[in-house]
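The values are calculated or read from the model by the stated rules, or taken from the named source; none is laboratory data. These numbers come from a predicted model, not from an experiment. We place every Cβ from the backbone using ideal geometry, glycine too, and count neighbours over all the protein chains shown.
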Amino acid sequence: MEIKLFIIGCILFVLAMIMLAVKKKFVKTEKAQKTFENVYSWVDTGWTALIIASIIMYFIIQAFKIPTGSMRSTLLEKDHLFATKFVYGFRIPFSDGKRIWPMKKVKQGDIVIFKCPPEALSTIERTEGISKDYIKRCMAFAGDKVEIKDKDLYINDKKIKEPYVQHIDTEIYKNFNLFETREEYQKAWEEGKFATLPPAFVRDNFGPVIVPEGHYMMLGDNRDASFDSRYWGPLPDKYLKGRALIVYWPLKRIRIIS
């Protein structure tokens, strides 16, 4: 979105410059002068506002709307929130997600906004070039061993306390042995192959897997209804966009996100 705003702003800037260049040649009457000034004022204000807005959205802060219930009850559908874009580093434009000058590293438990990886998109969405943003909680990092046993999360063989997690389904899907070796399981997970499987195969019993270098394990708080890293694989660092900061709408839910 911010790139589109920047491009539109640049187009309006060029239009404003063209208008100034042809003003003396074509604007000669008082009526034409008044009309020109009105139109030029809108164009000039428009390109300035759009370029400033795109810079703020790309580098500093951006508004998001929660589309699904995957983060219930931490975040609800239609919650509007602001996310800080610079906390994990300023993104370098047109650099495939490279960032500089990070203020802090991603921590376990951070609620993160990120670009949806291709493995999480449907075939139609990939064909049409659709891009989406996801919001999940980061739970593991490169080198961590991740496993889910009967809905409980274990990282490096330690059970993780997750007071924010809810399970809406009392049924526990048992482990399905689809692969002969852990290496085959790991490879299939990293390639996002589980995204096409029924949820029963990985929802409640998953892994163990090792998060690869430069990647994160992202999970939804509404664990039984979240399409997350269990399915589409580890999240590459380059897809990070920012950290969720504050819910600003609806008014009754205004709060800092933790």
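Tabulated data for the structure shown
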read-out	value
Those residues of region 172-192 which are in contact (Cβ under 8 Å) with a residue 12 or more places away in the chain and surrounded by fewer than 16 Cβ atoms within 10 Å (Cβ to Cβ), in sequence order	ILE172, LYS174, ASN175, PHE176, LEU178, ARG182, GLU191
Filtered residues of region 178-200 (kept if farther than 18 Å from MET217 by Cα and either touching a helix residue (DSSP H, G or I) at 6+ places or on another chain (Cβ under 9 Å) or outside the structural domain of ASP228 (by TED's automatic domain parsing) (or both))	LEU178, PHE179, THR196, LEU197
ALA195 vs. criteria crowded, with 16+ Cβ neighbours inside 10 Å and without any contact (Cβ under 8 Å) to a residue 12 or more places away in the chain	no
Any hit, region 221-244, residues being over 21 Å from LEU153 (Cα atoms), aliphatic (A, V, I, L, M) and touching a residue at least 60 places away in the same chain (Cβ under 8 Å)	yes
Residue tally, condition buried (at least 21 other Cβ atoms within 10 Å of the Cβ) and closer than 18 Å to GLY109 by Cα, over region 198-214	1
